[in-house]
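Single-structure report; data block below.
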Amino acid sequence: MKRIILGAACLLSAIGANASDFFSTDECSDLFTFGARIGVNTSNRTMSNSAVPGAYHHESWGTGFDLGVTLDLNIRDYLSIQPGFFFESRSGAYTVIGTEIEEGSLINISEIAQAGKRSSYNFTIPVVASFHFNITDDLRWNVDAGPYVAFVLGSRMKNKRFVVNGNADKPLFSQKASAVDFGIKMGTGLEILRHYYAGVHYMAGCIDAWKTRKLGSYTKNYGGVTKGWVFTVGYIF
């Protein structure tokens, strides 16, 4: 019986020690650590159903790249606050089929099918809380979540139109991306040998994706949101 009790005590002690290592509350030897990251993304920029009333619209995902650096403020071994600074490209395509609109009223007989491509370059600053779980001494699992703000450095629309009937003098849709985007970034990643990093994150925009357009006394809001998946690898110094 004594041997059984002693064995059980040793087992529980080992489990407790492993659990403590898995979610360590120890202080970090380095208050700050820096990282460099590079990766690819796939993103979409939707528009609201009221952007072109009565029209069919579809927005497609496109690809781009991410390049940036991160700074970790290491509060404890299990928790860091991590701001990042990224230069990013975004792209995609869209299709709109409907009737041209001006100042909120229909222009007679202009039925248009329109297809286009979009691209933009952003400077993005996420600030996430990063929770760390020690799988082994050389492998750490991170879970991240927090807000981001993105500043659009430049955007471009490349449109093609096909008039079904009537004489249309302008496209159904020709808007530029909003100058600022704000949303939530969340994801997960792995640190290998405390230096090498691989991660995936989802970015969900929370404000209108397109600029509001003034048409005389009529204001047109294209709404929509940005969203994207980002896949990065990097090195932690």
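We did not get these values from a lab; they are worked out from the coordinates using the rules stated. Computed from a predicted model, the values in this text were never measured in an experiment. Cβ atoms come from the backbone with ideal geometry, glycine included; neighbour counts cover every protein chain shown.
A compact table of results
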read-out: Point-to-point label distance, CYS206-ILE184, nm (Cα→Cβ direction, 7 Å offset); value: 0.8 nm
read-out: Within the range 27-236: Cβ-based charge dipole about Cα centre, in debye rounded to nearest 20 (Lys, Arg +1; Asp, Glu -1); value: 860 debye
